[in-house]
Amino acid sequence: MRTLLLALLVTAPVLAQTADDDPFLWLEDVEGERAMAWVEAQNAATAAELEASPLYDALYQDALAVVTSDDRIPYPDLRGDHVYNFWTDADNPRGLWRRAALADYLGGEPTWETVIDVDALGQAEDVNWTWGGTVCLPPENTRCLVRLSRGGADATEVREFDTETLSFVDGGFRMPEAKSSAAWTDADHLLVSTDWGPGALTESGYPRIVKVWERGTPLAEAETVFQAPATDMGAWAGSMIDRGAIRAVISHRPSFFEGRTLLVEDGLVDGLDLPIDADPMLVDGQLVVYLRSDWDVGGQTLAQGSLVATDLDGFLDGGRDFATVFAPSDLQTVEGTSTTRTSLLVSTLDEVKGRLTRYRFTDGAWTAEPIDVPDLGTVSVVSTDDASDRFFFAYSGFLQPSSLYFADEDGSVQLVRQLPAQFDADGLAVEPRTATSADGTAVPYFVVSREGMALDGTAPTQLYGYGGFEVSLAPSYSALTGKAWLERGGVYAVANIRGGGEFGPRWHRSAMRENRQRAYDDFVAVAEDLVETGVTSPEHLGIRGGSNGGLLVGAVAMQRPDLFGAVVSSVPLLDMYRYDKLLAGASWVAEYGDPDNPDDWAFIRRYSPYQNVRTDATYPRILFTTTTRDDRVHPGHARKMAAKMMSMGHPVYYFENTEGGHGSGVTPEQQAAAWATIYTYLWEALGDA
């Protein structure tokens with residue numbers, strides 16, 4: 001087998017810095033015959049070793065039981081007097097879009113009506129359809145735009161569906177496969193952003209032209225209302241619902257962290273005069289804005305990380321009298337916002353612990369009503385209703401199974417569902433900790449372990465991180481981690497490193513571009529703290545991350561291979577010299593820098609994993625996982641990194657799902673196989689389960 005694998009590689013002792021000298025460029029040919037033969041060989045080699053482990057079958061069955069369990073909460077999409085839900089199980093691996101009466105759902109015994117059977121649709125059309133979600137026309141929600149993806153990719157086909165007849169609309173709106181967006185402006189018009197043909201996409205691969213499409217006319221005859229430059233990230237169609245009325249909007253993003261919101265009325269486009277990095281929303285006639293930077297406006301300075309608001313009509317007439325709705329402390333941040341008909345719902349993190357508050361604008365002032373939730377967990381809004389003030393929200397912690405709550409219009413809150421424990425948490429405890437990074441910054445992290453665990457450095461420990469794009473890692477319940485790792489005696493740690501959003505925009509921005517190394521230093525500091533305090537030792541310490549987190553673990557594995565016994569890098573970025581040339585990569589230049597700019601490449605080059613593999617280093621045997629259908633982060637990153645390391649004599653594991661998009665697979669069986677592979681690898685590398 002080893003001879004076969006090497007025969008599929010172009011051997012090179014050291015990779016040069018330019019794409020022209022890259023011997024593994026052929027692996028970027030996603031479905032090319034040569035590349036797929038290489039993938040099949042790697043998958044076979046990995047399966048031959050890891051599936052032979054006595055742990056694999058048990059871990060696979062545990063993972064399959066979790067992802068197909070009927071005990072899962074059927075999370076609701078609230079639409080009037082019904083809730084909709086998308087559900088997969090062993091009999092419906094690609095899923096059912098279904099609905100039930102709200103009253104029955106709240107009563108605990110809903111009768112589900114199938115609206116779309118994705119498995120049956122795929123079989124009838126001989127396409128491996130994956131559910132992509134819906135956009136429905138309020139307030140009746142009887143006409144919906146259904147998004148269907150081939151194999152889990154971001155690109156989707158869009159079809160109009162009638163929820164009364166339970167059928168696709170004959171002659172209705174239909175858009176071919178693309179990374180598109182569409183929003184209702186009324187029953188007969190859509191605002192559409194899609195691939196209109198040559199020159200219609202940005203360098204990031206996203207649509208840049210937005211048009212209004214009238215029912216009964218060809219898509220090609222839609223009327224253009226906005227065009228973004230090809231060098232921008234893209235432009236998307238959307239809508240905001242305010243007091244029952246639809247306001248069509250265009251989200252124009254010059255870069256990943258810059259955006260303009262434009263109102264579209266009667267074919268005219270009017271931009272909101274807001275900071276380029278602010279996020280607006282509408283509720284009860286108020287324009288609410290989340291600020292990522294300080295803003296000098298109306299004779300006052302509004303603070304970074306705040307939510308501020310003013311009367312929308314007054315703002316459009318030139319008024320700039322903003323009131324502060326929420327201003328965070330140094331240890332707080334806005335994690336998410338949602339709106340109902342008259343309420344603003346704000347999820348916050350306070351020292352990385354979740355809070356939820358309902359704000360209302362009454363008698364000319366904003367009032368706050370905290371929603372009572374347990375400590376040391378994450379709270380999030382699941383679904384709202386633009387026609388009322390009802391909403392669902394959820395809570396979970398590392399050891400607390402997810403709970404679903406319903407808040408009614410009268411302010412009352414009831415527990416609707418509580419997930420039964422999906423792993424044995426008896427004797428486990430959560431400990432908030434702090435490590436000190438290389439520059440002296442305090443970095444919080446959580447450790448989940450057995451109470452009274454001996455601090456002798458022998459505990460198999462998995463450290464998880466992300467550290468980018470203002471994404472926070474707050475405490476949450478993972479049945480897979482619990483069943484496959486914690487229940488078997490492993491220690492689980494989560495690092496809240498810079499680059500994430502745990503403490504707001506400043507925490508994120510402190511590790512962008514030329515300061516990226518700070519995120520890696522933070523992660524190493526947490527790993528070293530786990531070792532220094534006796535929780536584990538390098539031979540028992542594994543790290544795991546996906547996407548930007550895959551880059552994180554890839555970078556620190558190259559920098560500190562002595563510190564880790566296992567590395568799982570999933571759907572990762574790894575070749576930072578070419579990341580902006582692959583799929584959506586160009587949209588992330590604001591986060592990482594531009595490798596075509598010599599000044600930027602100088603700092604990117606120092607951490608880019610693909611450019612920092614050394615022949616003379618000793619690395620843990622890394623597991624790279626990805627999916628062929630990932631059209632966000634190119635599978636070539638993982639393929640090339642694995643190929644290069646093997647060519648230099650470093651053994652690796654490689655696992656590529658042929659479906660799944662930017663994730664771990666589409667069907668429960670695919671997901672279970674991916675997770676069984678990961679956890680078999682971790683246990684084999686770090687200690688016996």
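3J(HN,Hα) along region 231-247, derived from phi through the Karplus expression 6.51 cos²θ - 1.76 cosθ + 1.60 where θ = phi - 60°, amounts to 7, 7, 5, x, 9, 10, 8, x, 7, 10, 9, 10, 6, x, 9, 7, 10 Hz, with x in place of Gly and Pro. Once the cut-off is 16 Å, how many percent of the Cα-Cα pairs in region 104-164 end up in the long-distance tail? Of the Cα pairs, 55 percent sit more than 16 Å apart.
Per-residue SASA remark: M281, around 30 Å² accessible (1.4 Å probe; ligands, DNA and RNA not included).
Ordering of 31-37, 420-426 by packing is 420-426, 31-37, highest average first (other Cβ atoms within 10 Å, averaged per residue).
Across region 642-659, coupling constants 3J(HN,Hα) worked out from phi with the 6.51/-1.76/1.60 Karplus curve, θ = phi - 60°, read 5, 4, 5, 4, 5, 5, 9, x, 9, x, 9, 10, 9, 9, 10, 6, 6, 10 Hz, and Gly and Pro carry x.
A P(r) calculated from all alpha carbon pairs of region 88-191, with 5 Å bins opening at zero, reads 3, 11, 20, 23, 20, 13, 7, 2, 0 percent. Taking 25 °C and 0.890 mPa s as conditions, region 23-175 diffuses translationally at an estimated 133 µm²/s according to Stokes-Einstein applied to its Kirkwood radius (Cα pairs). Each Cα pair of region 219-278 feeds into the Kirkwood radius, which the Stokes-Einstein equation turns, at 10 °C and 1.306 mPa s, into a diffusion coefficient of 128 µm²/s.
Here, P(r) means the percent of Cα pairs in each 10 Å bin from 0 to the largest distance; for region 460-554 it is 17, 46, 31, 6, 0. Summarising the amide proton neighbourhood of R72: residues at separation of 5 or more, or on other chains, whose placed amide H is nearer than 5 Å comprise an empty set. Region 370-414 and region 141-163 have Cα centres separated by 28 Å. In this simple spin-label model, placing a label point 7 Å from the Cα along the Cα-to-Cβ direction at both S388 and L415 gives a separation of 2.3 nm. V83 sits with roughly 0 Å² accessible to a 1.4 Å probe, with DNA, RNA and ligands left out of the calculation. Straight-line reach from K483: taking Cα to Cα under 29 Å and skipping same-chain neighbours fewer than 8 places apart, the lysines in range are K353.
Pairs of alpha carbons in the chain separated by more than 45 Å make up 19% of all such pairs.
Accessible area of region 141-261 with a 1.4 Å probe: how many percent of it is carbon plus sulfur?
On the way: 2290 of 4840 Å².
Within region 141-261, the accessible surface is 47 percent carbon and sulfur.
Electrostatic bookkeeping for Q517 treats Lys and Arg as +1 and Asp and Glu as -1; over the other residues with beta carbon under 11 Å from its beta carbon, the sum is +1. If a/c stays under 1.5 just call it rounded; otherwise compare a/b with b/c (prolate if a/b is bigger, oblate if not). Do that for region 387-501, with a ≥ b ≥ c from the square roots of the Cα gyration tensor eigenvalues. Oblate, since a/c reaches 1.5 and b/c is not below a/b.
Solvent exposure of region 155-255 amounts to 42 Å² per residue of accessible area, where only protein heavy atoms count and the probe is 1.4 Å.
Working from the Cα coordinates of region 293-350, the gyration tensor eigenvalues give, after taking √(5λ), semi-axes of 22, 17, 6 Å in decreasing order. Computing Rg and the Kirkwood Rh from the Cα coordinates of region 183-226 gives a ratio, Rg/Rh, of 0.99. Ranking F256, F226 by solvent-accessible area of protein heavy atoms (1.4 Å probe, all protein chains present), from largest to smallest, gives F256, F226. Could you tell me which of rounded, prolate or oblate describes region 536-597, using a ≥ b ≥ c as the square roots of the eigenvalues of the alpha-carbon gyration tensor, with rounded for a/c under 1.5 and, failing that, prolate when a/b is larger than b/c and oblate otherwise? Verdict is prolate for region 536-597. For region 134-173, the percent of C-alpha pairs falling in each 10 Å distance bin, counted from 0 to the bin holding the largest distance, reads 32, 48, 19, 1.
Reachable aspartates and glutamates from K179, Cα under 14 Å, same-chain residues fewer than 8 places away excluded? Within the straight-line limit of under 14 Å, K179 reaches these aspartates and glutamates: D154, E157, D195, E203, D630, D631. Surface composition of region 359-516: carbon plus sulfur atoms hold 47% of the accessible area, using a 1.4 angstrom probe and ignoring ligands, DNA and RNA. The phi-based Karplus calculation (6.51 cos²θ - 1.76 cosθ + 1.60; θ = phi - 60°) puts the 3J(HN,Hα) values of region 151-160 at x, x, 5, 5, 5, 9, 9, 10, 9, 7 Hz, whole numbers, x for Gly and Pro. Sites listed here are GluC sites (Glu not before Pro) in region 125-164 whose DSSP assignment is loop and whose Cβ has at most 15 other Cβ atoms within 10 Å: E140, E164.
Here region 427-455 and region 458-535 have alpha carbon centers that stand 10 Å from each other. In this structure, the amide hydrogen of A435, modeled 1.01 Å from its nitrogen in the peptide plane, lies closer than 5 angstrom to those of V443, Y445, counting only residues at least 5 positions away or on a different chain. Our summary of shape: the Cα atoms of region 216-317 have principal axis extents of 49, 35, 19 Å, ordered from largest down, in whole angstrom. Under a 5 Å amide H cut-off, with hydrogens placed 1.01 Å from N, L473 pairs with G501, E502 among residues at least 5 apart or on other chains. When a/c is below 1.5 the answer is rounded, else prolate if a/b is larger than b/c, else oblate, so apply that to region 14-103 with a ≥ b ≥ c taken from the square roots of the Cα gyration tensor eigenvalues. Because a/c hits 1.5 or more and a/b fails to exceed b/c, region 14-103 counts as oblate. Looking at region 607-689, which GluC sites (Glu not before Pro) are DSSP coil and have at most 12 other C-beta atoms within 10 Å of their C-beta? Hits after loop and neighbour filter: nothing returned. Per the Debye formula on identical point scatterers at the alpha carbon atoms of region 356-422, with no solvent, log10 I(q)/I(0) at q = 0.11, 0.17, 0.22 Å⁻¹ is -0.30, -0.65, -0.98.
The values are calculated or read from the model by the stated rules, or taken from the named source; none is laboratory data. This is a predicted model, so every value here is computed, not measured. As a convention, Cβ positions derive from the backbone with ideal geometry for all residues, glycine included, and neighbour counts pool all protein chains shown. Areas reflect the complete protein model, heavy atoms only, side chains present, ligands, DNA and RNA absent. Shrake-Rupley method; radii C 1.70, N 1.55, O 1.52, S 1.80 Å.
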